[in-house]
Number of protein chains: 2
Amino acid sequence: MRREVGIVGVGHPRFGKSSVSFTDMCCYAAVDALDDAGIKTGEGHGVDQLFLASMGAQMLNRQSGIASALVDTLNLRPAMAESVENGPASGASAIKLGYMAIASGMCDVVLVIGGEMMRVVSGWEGTDFVATMLHPIAEYPYGLTLPAFAGMFTRLIMEKYGVLESDLARVAVKNHENAMYNPAAHIQLVPKLEVITEDEDKDIINPYVAEPLRLYDVCPVSDGAAAIVLCAMEVADRFAKKPIRIAGIGQATDTHAVAEREVATDLLAVRLAAQQAYKMANLAPQDMDVAELHDAFQILEIVESEEVGFFPRGEGHLAVRRGETKIGGKIPINTSGGLKAKGHPLGATGVSQVIEIVLQLRGEATGRQVEGARAGLAVNFGGFGNNVVATILTKEVE
Amino acid sequence: MRREVGIVGVGHPRFGKSSVSFTDMCCYAAVDALDDAGIKTGEGHGVDQLFLASMGAQMLNRQSGIASALVDTLNLRPAMAESVENGPASGASAIKLGYMAIASGMCDVVLVIGGEMMRVVSGWEGTDFVATMLHPIAEYPYGLTLPAFAGMFTRLIMEKYGVLESDLARVAVKNHENAMYNPAAHIQLVPKLEVITEDEDKDIINPYVAEPLRLYDVCPVSDGAAAIVLCAMEVADRFAKKPIRIAGIGQATDTHAVAEREVATDLLAVRLAAQQAYKMANLAPQDMDVAELHDAFQILEIVESEEVGFFPRGEGHLAVRRGETKIGGKIPINTSGGLKAKGHPLGATGVSQVIEIVLQLRGEATGRQVEGARAGLAVNFGGFGNNVVATILTKEVE
């Protein structure tokens, strides 16, 4: 019988542009999470392990051994500590490792921090940094970038399933609307659907970034950090908040070169990861009340919503048109604002997604609450679907 | 009852200067480990998870998401994958995570690869890269480096306990002698003790690097990779080699700023990590038959041999003089040649240390075999003792 693991603390300062150092930014998120759990640092703190998730702290901030620095700054010595990297899925990976650390019996309490300070570089430098996650021989040297891949992928999906540019815009507008109620969201404005899709100046207001993707079809570049406290369910009564249970975790890798995939319009790793997570949780897609899907590009939210089993293949955009992914719809997606509007500080994103599900299951998602939510799914997407982690959380029966 | 974990495959190409890419270098080590375990890649490979340990692949090789790339290149899809960083202790950290992954019941078989390609930079650039593990505010900006810290630490130890320059040289000569029998060792030559300590040209042959440390008192800069296969003991009979059991793992962090430590001549994290590992293994220092201690600087081997309980404080150098750490002595240390002669490709080192213990317990350490070895300790040291991992392996009773 595996030890059960819950989440008893969350910390999520607002994403955007950081005015403090990378380590300080991470510490602020961690302090919020520790406070939420009611943990006092210093002697007797009880935190056994810290995991830091970051894709690029080495390249961007020229630091290593940062996890140890965070343990010390947070006054959590002699806790164990490691940094974890899995591209933009680093956050969910770190939560998976936290789960393993506790389920193995090696730890009772684990602090997971995800953070990225991306805005120290700008323009092509930022795009180039992100592209380091692509295949080092078959892709990166040819100048391929993530927006380029997403543009080509979107074109294929449009031709195959009849997705329109306006469907992408609908996803964006929905997520921007949700973000208005999330104080942690980077961007807090709502574009009008007609203006970004039909206005005669739409090419100026919403220009192509990587055709057919326009500005409002891609996420912004954000700094940010988010943190959670995990614990063994058997010690959960030590903490200030009731635990939200980690019921399922799944993860799968796909070919590292995107051109080698069997079906260019599938996201196989999303499907496999979600299937594993459902199996472990003994739940099905229709049991999910809320979901955070990795919408670094709006097309991904649509295709992921099919791969995780919410809608039949090729019909995700129809569900968007029908409003089924809005709050109050069949399965609300990205109630946090998603990567699109909340922001996408790479290493922080997977942690941020799980925090949104925790808040929904606690009933603390003020203004954007999905009523009666009891189970939720988060999908964190690394590379261009090279390595995907799916996490299912459930509310304990009271 | 926690699931037991064993090591059934090891791969250790020679350390030195790599003529292939970082990922290829890692794959060669992995293929050797998979072969040793008798694992065939491709469909039905059975590997659930890959961990890549590297301190600097991002900074040095400008790649991220490398763990996913390795899964694909090794034909191990859709295995889960993460990269792990804990400075020069990244290797042992990755083994710890592999242990947790299996002990948690989430995985049955885990491949751990440690690798570093450091010789793409040289001279001050290499020293600067290594120094990124120091405190980002209190140390690194002031130009402090690892050799500088080791030099200051050595001076304090010399003054406090009467350690002589010739004691450091004795450790070096012993390790170089051991490396002559390790085909994976970078440096295969043995300096004469008198030449490097007494010769009239000793300042030319063995010049000061960071006084009182001379050239032969510090490890070389090496490229290299090493890999191991871990499995749940209950599935160990699937594999070609008998498992060596991971009996204990301990890890501790210390202050990130070295100047803040209570006793400047102690290595507190080494002591705490070793104590935890002994406790978990239910073994004592005197039960160890062989040990790999992290001798990035020769002084560390002496002080660590005290902190892990082999010798009383301040007497490690006396044990060296008496030959007690040589093969055939009371507790042979660094039979592999240690970091001093085998080389120290940072992320690979912790994996390499554990491989040496595996070979000793298997009875496969040809030419340097410790007869009848049944238990061994490896200490992997991150930062300047900021984050230390201790691992104890035991041979199963037959």
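The values are calculated or read from the model by the stated rules, or taken from the named source; none is laboratory data. Everything quoted here is computed from the prediction, not taken from an experiment. Cβ coordinates were reconstructed from backbone atoms using ideal geometry, including for glycine residues, and neighbour counts include every protein chain displayed.
Listed values, structure above:
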read-out	value
Residues that are more than 23 Å from the chain's Cα centre (by Cα) and within 21 Å of B:GLY98 (Cβ to Cβ), drawn from region B:45-63	B:HIS45, B:GLY46, B:VAL47, B:ASP48
Of residues in region B:56-76 being without any contact (Cβ under 8 Å) to a residue 60 or more places away in the chain and under 18 Å from B:SER18 (Cα atoms), the one surrounded by the fewest Cβ atoms within 10 Å (Cβ to Cβ)	B:ARG62
Identity of the residue in region B:371-385, over 15 Å from the mean Cα position of the chain (by Cα) and buried (at least 21 other Cβ atoms within 10 Å of the Cβ), that ends up farthest from B:LEU283 (Cα to Cα)	B:ALA373
Per-region count, region B:123-144, residues among the polar types (S, T, N, Q) and touching a residue at least 40 places away in the same chain (Cβ under 8 Å)	1
Members of region A:82-132 that are surrounded by fewer than 24 Cβ atoms within 10 Å (Cβ to Cβ) and among the charged types (D, E, K, R)	A:ASP108, A:ARG119, A:GLU125, A:ASP128
Residue in region A:292-300 that is outside any helix (DSSP H, G or I), among the acidic types (Asp, Glu) and either at pLDDT below 95 or within 19 Å of A:LEU189 (Cα to Cα) (or both) present	yes
Scan of region B:370-398 for residues that are in contact (Cβ under 8 Å) with a residue 40 or more places away in the chain, farther than 28 Å from B:LEU146 by Cα and not charged (D, E, K, R), ordered by number	B:VAL370, B:GLY372, B:ALA373, B:ALA375, B:LEU393, B:THR394
Among (1) within 27 Å of B:ALA53 (Cβ to Cβ); (2) of a type in the set (D, E, K, R); (3) in a loop (DSSP other than H, G, I, E, B) - the single one A:LYS40 does not satisfy	(1)
Complete set of residues in region A:255-269 that are within 7 Å of chain B (Cβ to nearest Cβ) and not β-branched (Val, Ile, Thr)	A:HIS256, A:ALA269
Every residue from region B:344-398 that is among the small types (Gly, Ala, Ser) and assigned to a strand (DSSP E or B)	B:ALA375, B:GLY376, B:ALA378, B:GLY382, B:ALA390
Test for A:GLY323: is it at pLDDT 95 or above and crowded, with 24+ Cβ neighbours inside 10 Å	no
Selected residue (only one of A:ALA53, A:ALA79 is under 15 Å from A:THR349 (Cβ atoms), surrounded by 23 or more Cβ atoms within 10 Å (Cβ to Cβ) and either without any contact (Cβ under 8 Å) to a residue 12 or more places away in the chain or within 14 Å of chain B (Cβ to nearest Cβ) (or both))	A:ALA53
Selected residue [facing chain A (nearest Cβ under 8 Å), over 30 Å from B:PHE384 (Cα atoms) and hydroxyl-bearing (Ser, Thr, Tyr)] from B:SER104, B:SER64, B:SER21	B:SER104
Members of region A:1-30 that are surrounded by fewer than 24 Cβ atoms within 10 Å (Cβ to Cβ) and closer than 21 Å to A:ILE102 by Cα	A:MET1, A:ARG2, A:ARG3, A:GLU4
Residues within region A:109-138 that are among the charged types (D, E, K, R) and more than 13 Å from chain B (Cβ to nearest Cβ), tallied	1
Helices (runs of 4 or more DSSP H) wholly inside region A:158-207 that include at least 2 residues being surrounded by fewer than 19 Cβ atoms within 10 Å (Cβ to Cβ) and in contact with a strand residue (DSSP E or B) (Cβ under 9 Å, 6 or more places away or on another chain)	A:202-205
B:GLY98 vs. criteria closer than 22 Å to B:GLY16 by Cα and either facing another protein chain (nearest Cβ under 7 Å) or not in a loop (DSSP other than H, G, I, E, B) (or both)	no
Answer residue from region A:131-141, given it is modelled with pLDDT under 95 and outside any loop (DSSP other than H, G, I, E, B) and is farthest from A:GLU304 (Cα to Cα) among those	A:PRO141
Boolean, A:ASP32 is closer than 19 Å to B:GLY250 by Cα and either of a type in the set (D, E, K, R) or more than 8 Å from every other protein chain (Cβ to nearest Cβ) (or both)	no
